[in-house]
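Presented below is the structure to which this report refers.
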Amino acid sequence: MRRIRAAVTGAVTLSLALTAAACGGGSTTGGGSNDSPKTLTYWASNQGASVEVDKKVLQPELDKFEKRTGIKVKLEVVPWSDLLNRILTATTSGQGPDVLNIGNTWSASLQATGALLPWDEKNLDKIGGRDRFVESALGSTGVQGQDPAAVPLYSMAYALYYNKKLFAEAGIEKPPATWDELVAAGKKLTAKGKNGIGVEGSNLSNNIHQVFVLGKQHGADFFTPDGKPDFTSDGAVAAVKQYVDLMAEHEIVAPGNAEYAQNQSLSDFSNDKTGMVLWQTASATFKTQGMKDDEWGVAPAPVQSGRPGTGEATNSMVAGINMSVFKNTDNLDGALDFVKFMTSDEEQKILNKAYGSIPPVKSAQQDPAFDAPALAVLRDTLATSAAALPQVPEESQFETVVGTAVKDLFADAAAGRAVTTASVRAKLEKAQQQMPKK
């Protein structure tokens, strides 16, 4: 969903008011207006190594938009630790932006507030039409059967990154393709005094991303077809236990990783302390931490057996950033023009190159830059073996309660307490009890 992933502390609830307003009060009709045609406020998610990096990437493009249209875009880059709560406050207070970034897994939850402009065919036609976008990216823009609440901006996927120097020192000849091979490689690395693989045990969103993929590999979806929580199925329990067992049973994750939540595992990887990380679109982060491109490799994330693909061979969630418009914006035409600009081929190439992500716009993907090995793995994963997280209104609560369950289990493992099938099931039962009743 996002590049710098802090734990999500807020959750969308069904009691949220189904209205929103942009800065300056917005429209009272719920349909947007053009009372402020020369300005827009844009909340951008923090995609780079820092907020300042994002400003350097984005401001020249916003200046370009202003020169072409006469519309000044007031930029605020919002850290991930604040973004969801800021959005929720905006939906109820009437004080928010005209255009904003959202993690794509939040699309259905925020759609349920009624605060975001629906991207019906008329609105999609204004930015070039639905067919411009990769289908897997459109799959994470809201509840199926409803008009999307957002359009894709940056696409990302998980992959296995490995430290070439540490692999060579441990005698590992190729990156692991299955989980058994990953555990074996991890043990060779720990035998050399290194951490086998890094995790972010206190990062709720990352926990969800990992156990969702493992859930798919075990035939579990965490929600029933009619949208009810299903956290305690055998497949869901097996998925969570397999992930935590990287520390608890196999001991290829350092106990300190239980407290990681702010990219510390990437720092350990870049500083030759950890041999592997499962991450989404990490190349730009490695570069900012001083790691050269030829010092790391990338391969598809592991599966239980065979090759990555659909169903039980799924090896990534469909990660990415979506772009939304508040329904009551004071500059509806300008907001649509801005989304069209940001999703144009030209800007898609510029921005996704800067962030090391993949354009969700098909024609922009044809740029040779996205054929580079690191990006080709991600592009192929998105096309063939990634699945969207459940597009249900309660998705953000799912991230919070199940992500916390995984966090608590990592804490148990780090403290030397047994992690058993029974203890995993008990944590997931508690998480399910915390979900809204339907």
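Data for the structure
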| read-out | value |
| --- | --- |
| Subset tally (residues that are open to solvent by 10 Å² or more (accessible area, probe 1.4 Å), part of a strand (DSSP E or B) and small (Gly, Ala, Ser)) for segment 300-355 | 0 |
| Test: residue 414 is open to solvent by less than 50 Å² (accessible area, probe 1.4 Å) and not charged (D, E, K, R) | yes |
| Cβ pairs under 6 Å, 6+ apart, first in segment 412-432 and in contact (Cβ under 8 Å) with a residue 24 or more places away in the chain, second open to solvent by 70 Å² or more (accessible area, probe 1.4 Å) and assigned to a helix (DSSP H, G or I) | 414/255 |
| Count of residues meeting criterion [closer than 21 Å to residue 180 by Cβ and open to solvent by 40 Å² or more (accessible area, probe 1.4 Å)] in segment 228-241 | 2 |
| Candidate set: segment 418-438, residues that are in contact with a Leu (Cβ under 9 Å, 6 or more places away or on another chain) and either modelled with pLDDT under 95 or not hydrophobic (A, V, I, L, M, F, W, C) (or both); chosen: the one nearest to residue 114 (Cα to Cα) | 436 |
| Residue under evaluation residue 397, criteria (1) open to solvent by 10 Å² or more (accessible area, probe 1.4 Å); (2) touching a Pro at 6+ places or on another chain (Cβ under 9 Å); (3) at pLDDT 95 or above; (4) part of a helix (DSSP H, G or I), criterion not met | (3) |
| Looking only at segment 196-208, and only at residues there that are more than 22 Å from residue 418 (Cβ to Cβ) and either over 21 Å from the mean Cα position of the chain (by Cα) or of a type in the set (Gly, Ala, Ser) (or both), the one that is surrounded by the fewest Cβ atoms within 10 Å (Cβ to Cβ) | 205 |
| Residue that is in contact with a helix residue (DSSP H, G or I) (Cβ under 8 Å, 6 or more places away or on another chain), of a type outside the set (A, V, I, L, M) and on the phi > 0 side of the Ramachandran plot, where the choices are 232, 281, 274 | 281 |
| In segment 209-227, residue nearest to residue 403 (Cα to Cα) [restricted to those that are in a loop (DSSP other than H, G, I, E, B) and either touching a residue at least 12 places away in the same chain (Cβ under 8 Å) or open to solvent by less than 10 Å² (accessible area, probe 1.4 Å) (or both)] | 222 |
| Whichever residue in segment 275-325 is over 21 Å from the mean Cα position of the chain (by Cα) and of a type in the set (A, V, I, L, M, F, W, C) and, among such residues, is modelled with the lowest pLDDT | 291 |
| Restricting segment 228-248 to residues that are assigned to a loop (DSSP other than H, G, I, E, B) and not basic (Lys, Arg), the residue that is farthest from residue 435 (Cα to Cα) | 233 |
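For every residue, the table says whether it meets (1) open to solvent by 20 Å² or more (accessible area, probe 1.4 Å); (2) touching a Gly at 6+ places or on another chain (Cβ under 8 Å); (3) touching a residue at least 60 places away in the same chain (Cβ under 8 Å).
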site	(1), (2), (3)
65	no, no, yes
85	yes, yes, yes
95	yes, no, yes
101	no, no, yes
150	no, yes, yes
165	yes, no, yes
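The values are calculated or read from the model by the stated rules, or taken from the named source; none is laboratory data. The structure displayed is predicted, hence computed values, not measured ones. Because the Cβ atoms are built from the backbone with ideal geometry, glycine has one as well, and the counts that use them run over all protein chains shown. Just the protein is used for accessible areas: all its heavy atoms, side chains included, with ligands, DNA and RNA removed. Shrake-Rupley method; radii C 1.70, N 1.55, O 1.52, S 1.80 Å.
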